[in-house]
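> Handing you a structure now.
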Amino acid sequence: MFEALSERFDSAWKKLRGQDKISEANIQEALRDVRRALLEADVNLQVVKAFVAEVQAQALGAEVVSGVNPGQQFIKIVNDELTKLMGETNAPLAKAETAPTVILMAGLQGTGKTTATAKLALHLRKESRSAMMVATDVYRPAAVDQLITLGKQIDIPVFDLGTDANPVEIARQGVAKAKEDGIDTVIVDTAGRLQIDPKMMAELAQIKEAVQPDEVLLVVDAMTGQEAANLTRSFHEEIGITGAILTKMDGDSRGGAALSVRQISGQPIKFIGVGEKVEALQPFYPDRMASRILG
Ligand code: GDP
């Protein structure tokens, strides 16, 4: 992934390489390439504008450092700004003072929400934090079964009340059960729709109200680019998210979503999904991602 973006940046660097002075004219040209690279990677326009303006201010104000060529200096500025855009450092998962920590999973159908729920549970167990998963997606019968199957596969308990119960009630009872059983973290999987609709948002808000989560994680499909920006905005405005999980980062993504989520919501990407397998979850590191983008 990110090949196109890296290639674009490459051409910007080539123009700066070999110049012994960083001039306003060659900065402008390199900035145009950076802007084009980001737009081609399907980064949200508003995010691109803010990013380019910041790089420009930094580059024009930069002292020419002896022994460092302007191209390298410019790359460093872009690298630092990309890292900043994605949140500087890895943001850890919340841990409630009194167990259980409650994590609410939100997102559209097909983004990998249910898979991410199981991935997260497994990740927690590896950190010696016991987990329980709660199946509230009663609209898609297969979703409850899917979570139960995943639970069996990784030996993590799943709380469900079938598909006739009210999702808010399932969530409430699931969290109560986790508390009773002395579970460290309870992850509530919720229903996703094909697109954002008022009923879905209202139900999610009710579940949030009922279980008072320590984390609301938006599951975002990295392949969706611009759409990811709109999705993040809607969920953050209507529900309030505390972070995101970017899934399908193993695919042929243009990388736009990774750059938009933080800028739009102010909340960090905490994990990335890098495959269909339940082990395929990694903590998100902004600096590593910036290096990967710059190639
Ligand atoms: P949900 O509707 O949001 O709960 O989505 P699912 O968890 O059912 O996932 C939808 C599809 O995406 C399934 O085929 C998953 O195997 C696949 N999937 C989920 N996460 C990833 C990922 O990180 N990488 C890849 N390649 N596929 C994923």
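> Please identify every one of the chymotrypsin sites (Phe, Trp or Tyr not before Pro) in the range 233-295 that sits in a loop by DSSP and has no more than 13 other beta carbons within 10 Å of its own beta carbon.
Working: sites: F235, F271, F284; in loops: F284.
Answer by residue number: there is no such site.
> Where in the chain lies the longest segment free of GluC sites (Glu not before Pro) that are both loop residues by DSSP (not H, G, I, E, B) and have at most 16 other Cβ atoms within 10 Å?
Details: sites that count: E63, E88, E97, E127, E276, E279.
So the longest stretch without any such site is 128-275.
> Report, in debye and to the nearest 20, how large the dipole of the chain comes out about its Cα centre when Lys and Arg carry +1 and Asp and Glu carry -1 on their Cβ.
It works out to roughly 500 debye.
> For I77, I103, I170, which order do you get if you count the other beta carbons within 10 Å of each Cβ and list the fewest first?
Values: I77 20, I103 28, I170 25.
Listed from fewest to most nearby Cβ atoms, that is I77, I170, I103.
> Sticking with this one: What 222 nm value per residue comes from the helices of the chain, counting each DSSP H run with n ≥ 4 as -39,500 (n - 2.57) and dividing by all residues, nearest 500 deg cm²/dmol? Can you show the working numbers first?
Numbers: 11 runs with 152 residues, N = 295.
Taken over the chain, the calculation gives -16500 deg cm²/dmol.
> Quick one: divide the alpha-carbon radius of gyration of the range 216-288 by 2.2 N^0.38 Å and tell me what you get. Please report the intermediate quantities before stating the final value.
Values: Rg = 11.3 Å, N = 73, 2.2 N^0.38 = 11.2 Å.
It is 1.00.
> Something else now. What's the exposure ranking of S265, S291, going from fewest to most Cβ atoms within 10 Å? Please list the in-between numbers first.
Working: S265 21, S291 13.
With the sparsest Cβ surroundings first, the list reads S291, S265.
> Quick one: give the max-minus-min coordinate of the C-alpha atoms of the chain along each principal axis, largest first, in Å.
Over the chain, Cα extents along the principal axes are 68, 38, 30 Å.
> Excluding residues on the same chain fewer than 8 positions from K76, give the lysines whose Cα lies under 21 Å from its Cα.
Cross-link targets: K14, K15, K21, K49, K84.
> Let me ask something else about it. Report the relative contact order of the range 211-295, percent, no decimals, based on alpha-carbon pairs under 8 angstrom and at least 6 residues apart. Each step should come with its number before you reach the end.
Values: 139 pairs, mean separation 23.4, N = 85.
Once divided by the residue count of the range 211-295, the mean separation gives 28 percent.
> With +1 on each Lys and Arg Cβ and -1 on each Asp and Glu Cβ, and nothing else charged, work out how big the dipole of the range 32-146 is about its Cα centre, in Debye to the nearest 20.
280 debye
> Using Cβ counts within 10 Å as a stand-in for footprinting exposure, how do L60, L147 rank, fewest first? Write down the numbers at each step before the final one.
Working: L60 13, L147 26.
Least to most surrounded, the residues fall as L60, L147.
> Can you compute the FRET efficiency between K199 and S23 using 1/(1 + (r/R0)^6), with r the Cβ-Cβ distance and R0 = 51 Å? Round to the nearest 0.05. List each step's numbers first, then the result.
On the way: r = 56 Å, r/R0 = 1.10.
Efficiency, rounded to the nearest 0.05: 0.35.
> Kirkwood Rh over alpha-carbon pairs of the range 112-239, then Stokes-Einstein at 37 °C and 0.692 mPa s: what D in µm² s⁻¹, rounded to an integer?
Numbers: Rh = 15.0 Å.
Result for D is 219 µm²/s.
> Sticking with this one: Between exposed trypsin sites (Lys or Arg not before Pro) in the chain, where DSSP calls loop and at most 16 other Cβ atoms lie within 10 Å, what's the longest gap? Could you put the intermediate results ahead of the total?
Details: sites that count: R17, K21, K95, R193, K277.
Counting only loop sites that pass the neighbour cut-off, the longest clear stretch is 96-192.
> How much of the DSSP beta bridge set in the chain is antiparallel, as a percent to the nearest 5? Walk me through the numbers on the way to the answer.
Working: 3 of 27 bridges.
Of all bridge pairs located within the chain, approximately 10 percent are antiparallel.
> Defining a contact as two alpha carbons under 8 Å apart and six or more residues distant in sequence, what relative contact order in percent does the chain show?
26 percent
> Could you work out how far apart the two model spin labels at E279 and E97 are, taking each label as a point 7 Å from the Cα in the direction of the beta carbon, and quote it in nm?
Calculated label separation equals 3.9 nm.
> Could you pull out every whole DSSP H run in the chain that spans at least 18 Å of Cα extent along its own axis and averages -0.5 or higher on the Kyte-Doolittle scale? Show your work: numbers first, answer last.
On the way: long enough: 3-16 (20 Å, -0.81); 24-40 (24 Å, -0.53); 45-61 (24 Å, 0.95); 70-85 (22 Å, -0.28); 113-126 (20 Å, -0.34); 141-154 (21 Å, 0.52); 167-180 (19 Å, -0.46); 198-211 (20 Å, 0.13); 226-238 (19 Å, -1.27).
Helices passing the filter in the chain: 45-61, 70-85, 113-126, 141-154, 167-180, 198-211.
> Let me ask you something else. If R₀ is 22 angstrom, what is the calculated FRET efficiency for the pair N90 and R125, using the beta carbon separation as r and rounding to 0.05? Show your work: numbers first, answer last.
On the way: r = 19 Å, r/R0 = 0.88.
Efficiency for this residue pair is about 0.70.
> Using a Cα-Cα cut-off of under 26 Å, which lysines could be cross-linked to K277, ignoring same-chain neighbours fewer than 8 residues away?
Output for K277: K95, K113, K119, K126, K152, K248.
> Wrap a convex hull around the Cα atoms of the range 170-295, take a quarter of its surface area, and give that in square nanometres. List each step's numbers first, then the result.
Numbers: hull surface 34.1 nm².
For the range 170-295, averaging the hull's shadow over all directions gives 8.5 nm².
Each reported figure results from applying straightforward, stated rules to the coordinates on display, with no laboratory input. Small disclaimer: the values here were computed from a predicted structure and weren't measured. Because the Cβ atoms are built from the backbone with ideal geometry, glycine has one as well, and the counts that use them run over all protein chains shown.
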